[in-house]
1. Would you pick out the residues in region 10-30 that are away from ligand 1 (no atom under 16 Å from the Cβ), at pLDDT 95 or above and open to solvent by 10 Å² or more (accessible area, probe 1.4 Å)?
2. If you go through region 56-77, how many residues are touching a helix residue (DSSP H, G or I) at 6+ places or on another chain (Cβ under 7 Å) and in a helix (DSSP H, G or I)?
3. Take region 137-172 and flag every residue that is modelled with pLDDT under 95 and surrounded by fewer than 12 Cβ atoms within 10 Å (Cβ to Cβ).
4. Kindly indicate the residue of region 31-43 that is at negative phi and open to solvent by less than 10 Å² (accessible area, probe 1.4 Å) and also nearest to ligand 2 (Cβ to nearest atom) among those meeting that condition.
5. Which is over 14 Å from the mean Cα position of the chain (by Cα), open to solvent by 30 Å² or more (accessible area, probe 1.4 Å) and in contact (Cβ under 8 Å) with a residue 12 or more places away in the chain, of Lys87, Lys95?
6. Among the listed residues Glu105, Glu133, Glu123, identify the single one that is open to solvent by 10 Å² or more (accessible area, probe 1.4 Å), at pLDDT 95 or above and in contact with a helix residue (DSSP H, G or I) (Cβ under 9 Å, 6 or more places away or on another chain).
7. Could you grab the pairs with beta carbons closer than 6 Å, sequence gap of 6+ or different chains, first residue in region 183-209 and open to solvent by 40 Å² or more (accessible area, probe 1.4 Å), second one part of a strand (DSSP E or B) and modelled with pLDDT of 95 or more?
Amino acid sequence: MPLFRSKEREAEQVQVDFDRLPRHIAIIMDGNGRWAQKRGLPRTAGHAAGAENFRTIATYCKDIGLEYLTVYAFSTENWKRPAEEVKAIMGLLKKYLLEAIGRMERDRVKMEFFGDLSPLPQELQDLCRRTREISKGYDGCQVNICLNYGGRDELLRAARAYAQDCVEGRADPNHLTAEHFAGYLFSRGVPDPDLVIRPSGELRLSNFLLWQSAYAEFYFTDVLWPDFSKEELHRAIAAYQSRSRRFGGI
Ligand code: IPE
Ligand code: IPE
Ligand code: MG
């Protein structure tokens, strides 16, 4: 039965069936720079607003009972940006994780990181490990933060690790299955995303979850990430719920 969870939405008639939520939503958190530019602010102010919005949306996803949320926070290509901007993003991530650690007992959100953390500032790497360690037994929503993540990088790493296992006799290439290969990805153990959302008007994946999004439903919107509200999320979920997923069948 369609349910309305907020008064504003009742007015706009966006129907979300909270009993039929996607299990896993993935978001490309894009548009921070343009959000700031529109306001005559430095790009870093956009990243700060984006981080704040991530807090709001992640909390909301936990509250409505979503099982998995994966967000693209920093790509393997984002190192091309000016050093000052990269530094500001790393600082915001650090601030976010410190606050998340403070709230962990209460939130019981399980946090994971997809990507090679080793080029990140040591302090940030340590915070990621701590966050993962503290929350690993939690059974609430699982939030995966993609940091220095790239779909191709993930696939190359998996291929290398798999080849190594073949060389050392732990795997037999004649018996490789998709399920087995998925076990070498950063996302091992996490079901594929059902819904991939990209705000900011760009119509591309930008190297996000290439393997995992094979049968995801996509939702694109011109809204910039810092403005992507709970209502926007409702719109995305409602669109998802209106789709017919056939997975190649009829
Ligand atoms: C997304 O916002 C944040 C990161 C990629 C780290 P952008 O910084 O890409 O914002 P736009 O696309 O320039 O507006
Ligand atoms: C994708 O956004 C990466 C993140 C949101 C972290 P980008 O802004 O880097 O992507 P492009 O450059 O527009 O493809
Ligand atoms: Mg961008």
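The values are calculated or read from the model by the stated rules, or taken from the named source; none is laboratory data. Keep in mind the model is a prediction, meaning the values are calculated, not measured. With ideal geometry, Cβ positions are generated from the backbone for all residues, glycine too; neighbour counts draw on all protein chains shown. What goes into the accessible areas is simple: the full protein's heavy atoms, side chains included, and nothing from ligands, DNA or RNA. Shrake-Rupley method; radii C 1.70, N 1.55, O 1.52, S 1.80 Å.
1. Those that are away from ligand 1 (no atom under 16 Å from the Cβ), at pLDDT 95 or above and open to solvent by 10 Å² or more (accessible area, probe 1.4 Å): Asp17, Phe18, Asp19, Arg20, Leu21, Arg23.
2. 3
3. Matches in region 137-172: Gly137, Asp139.
4. Gly33
5. Matching residue, one of Lys87, Lys95: Lys95.
6. When all the criteria are applied, what remains is Glu123.
7. Going by the 6 Å Cβ cut-off, the qualifying pairs are Phe186/Phe114; Leu203/Phe220.
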